């Protein structure tokens, strides 16, 4: 496994640093989290499926954690729940697997300019392959490419967006967990390409579901 993470000196004054096991588990989590999106095979019963695990996430397993850390599983679970309550991480679980997300992952592992260029721009060979014998308009190709780009939001961004629009933090967490556990695919099977628009069109309209705080709305919602 290659790469690096950043640690701020404020860690020295934290509750995590005061515990040898807590610190070891936290650093293990930071190192296990994906630097970029990966597809991971998951065994379900006698079959196997593949799931998308986004940047800042990894598939958490208690037994593999015990093996990696050489720490009792109950102790690991206690610290995992404590970190979740401290909003350091988010855990999304179903009957088959759990996805652990490091909140504000970019604070620990930034994307440098070289990586941004590699992500946002196709190589010269890719451009040549696209632009060679084809009657499709170049602008149409670009529009289609832009629509297919999806970057999963982090929980902190979702919380800030909901707060700016007059909604409670618990609503933002429900929204984030609902879509992240489904790899940002909605109930109709469509990829959520614009999570802010999805919030406006669906979540901001259902007051009963959202437990919305409308005492000081930022703007009037279209109903």
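Just so it is clear, none of the values below were taken in a lab; they were calculated from the coordinates. Keep in mind that what you see is a predicted model, and the values were worked out from it rather than measured. Reconstructed Cβ throughout: ideal geometry from the backbone, glycine too, with neighbour counts over all protein chains shown.
For the reader, a short list of remarks on this structure follows.
- For the stretch 7-49, the alpha-carbon radius of gyration amounts to 1.75 times the rule-of-thumb value 2.2 N^0.38 Å expected for a compact globular protein.
- Rg/Rh ratio calculated on Cα atoms of the stretch 155-210 (Kirkwood radius): 0.93
- Pairs of C-alpha atoms in the stretch 9-107 farther apart than 21 Å represent 34 percent of all such pairs.
- Ranked list, fewest to most other Cβ atoms within 10 Å of each Cβ, for 82, 188, 6: 188, 6, 82
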